[in-house]
Amino acid sequence: MKQYITCSALSRVETCPASAVLQPIRVENPAATVPSAGHYLLCRRAESHSYDVSVSEIDDVAIRYELSPIETAVLAARIRGFRWVPPEGAEPEVAFAIDHNMNVVKVPAKDAKPGNYNVPEGYWLAGTADLTWRDATVRWLADYKYGNDAWVSSIETNPQAWSLAYMASKYYGDESFIPAIIYLWKGIPLGIWETPAGAPFSLLSDRAIAFVDRLARLRDTIDKVRGEAEAGRDVVRWVTAGYHCVYCPAIISCPYYLSFVRSMAFEPKIQKGAKDREPLTAEEASLLARHLSALEKAGRTVRELLKGYCQHNGRIQISDTLAWGPHPGDTTESIVSSRQTWEIVNKHLGENAVWESIKFRKGELFEGAKVRALIGNVPSTHISRPLMQELKEAGCVQFEVPIEHGLYRTDVEPEE
Ligand code: SF4
């Protein structure tokens, strides 16, 4: 069992202490590749204190992260759009850990992977400051956010930004600190910065002391839950589900979700066909809406695990005639990810559409066409047809039989 938790998990663990000790299952998350590559570039920019160096290195970064041409173009657009250059002396990617007595050390990252630290024995919390610098006597801590802010807790109480700011100022011996969250894609060119009201805070201020008390309470709770788990006791009483479950690596070993899925599977309203389905009550709707993202994430995780299993063991035979595994799907038209596609889509849908269509799926392009049609007050086919026509003529559409993973009948030969 890992003996420390990360600052990014603080918010979740505070609400659901069991998530610190339940068995985590991690799978690759390709959706995180563009933000990770962007983060890497921003770090390079911070090291050189130069706006241009990081941009000129985009192609190298694309190779390193295996980005498609279109992802590279999107990344370039986003990084170019964000023009803030960190001040002289700013340090990117600095990892800290804190022990039971709230002593702070700097820790080297293991394998240069964020979230993977060489944390000394006895340290219970570790995290990486995206960027930190000193301005006179004030320690700044900036946490970059790349996408949906619906999951980010307010900077007034955000435990990730506060714990890292506290650790950084304590480690460097600064008098006061400012935790900041920078939403770099929301407010081009400088991003949107959020800092708590009343900042900077002295380490001896009421707010700093209250935050350290909060950390200490959490540390004690985690110790207690870990002790119970190690003694073989059920930790279900420490489980609290909510929005935070979306990023929980323990979701598919979570007792709450296992019983939730089981109860949903036998729920007549969910099982019945759409025609005779009774409407959900407000309470049921609220429950399902609250858990949908987490359930979808659990489903994606399970799918990745099954795919991994099939890679090594072949298909999973479920009955005499039914299996789960890779099999040919229906022939589809797919859009080639290329610079030419990018240019044609830009021409028809406008530059902003590209931000929504990193992968250039047909459905997304049609959605983009609908938006343009609304703006231009024309039927959406007036936009989508010429767009698809030009893509086809330019060879940017290809036909393929995709290999899908899922249930299929083994007693039916696939059609030629
Ligand atoms: S999935 Fe949610 S309820 Fe379950 S352990 Fe994780 S955070 Fe807790």
Check: Mind checking Rg over Rh on the stretch 5-217, alpha carbons, Kirkwood formula for Rh?
Finding: 0.96
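Taking other Cβ within 10 Å of each residue's Cβ, how do Ile79, Ile58 sort, fewest first?
Values: Ile79 21, Ile58 18.
The fewest-first ordering by Cβ neighbours comes to Ile58, Ile79.
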Note to self: Based on the alpha-carbon set only, what is the convex hull volume of the stretch 132-287 divided per residue, in Å³?
What the structure shows: 177
Next item on the list: Just list whichever of Lys186/Lys392; Lys145/Lys297; Lys370/Lys392; Lys224/Lys307; Lys106/Lys224 have alpha carbons separated by over 28 Å in the model shown.
Entry: Lys186/Lys392; Lys224/Lys307
Item checked: Beta bridge orientation in the chain: antiparallel %, DSSP, nearest 5 -> 80
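Could you tell me the calculated FRET efficiency between Glu393 and His49, based on Cβ-Cβ distance and R0 = 51 angstrom, to the nearest 0.05? Spell out each step's value before the answer.
Numbers: r = 47 Å, r/R0 = 0.91.
That gives a FRET efficiency of 0.65.
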Next item on the list: Rank by packing, highest mean first: peptides 4-15, 238-249, 299-310, 123-134, with packing defined as the count of other Cβ atoms within 10 Å averaged across residues.
Entry: 123-134, 4-15, 238-249, 299-310
Check: Ranked highest first by the average count of other Cβ atoms within 10 Å around their residues, in what order do 219-226, 157-164 fall?
Finding: 157-164, 219-226
Checklist line | Cα-only radius of gyration and Dmax that characterise the chain, units Å | finding: 24.7, 74
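Let me have the relative contact order for the chain, percent, based on Cα pairs under 8 Å that are six or more residues apart. Working shown, then result.
On the way: 583 pairs, mean separation 62.7, N = 416.
Averaging sequence separation for qualifying contacts and normalising by length gives 15 percent for the chain.
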Checklist line | For Leu125, residues with placed amide H under 5 Å, excluding near neighbours | finding: Ile5, Ile98
Checklist line | Whole-number Å³ per residue for the convex hull built on Cα positions in the stretch 332-400 | finding: 73
Next item on the list: Return one quarter of the surface area of the convex hull spanned by the alpha-carbon atoms of the stretch 237-313, equal to its mean projected area, in nm².
Entry: 6.7
Notebook entry, point to check: Between the stretch 202-229 and the stretch 298-344, what is the C-alpha centre distance in whole Å?
Noted result: 44
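Each value in this text was obtained by applying a stated rule to the coordinates, not by laboratory testing. This one's a predicted model, so the numbers in the text were calculated from it and none came from an experiment. Note that we place each Cβ from the backbone using ideal geometry, even for glycine, and neighbour counts take in every protein chain shown.
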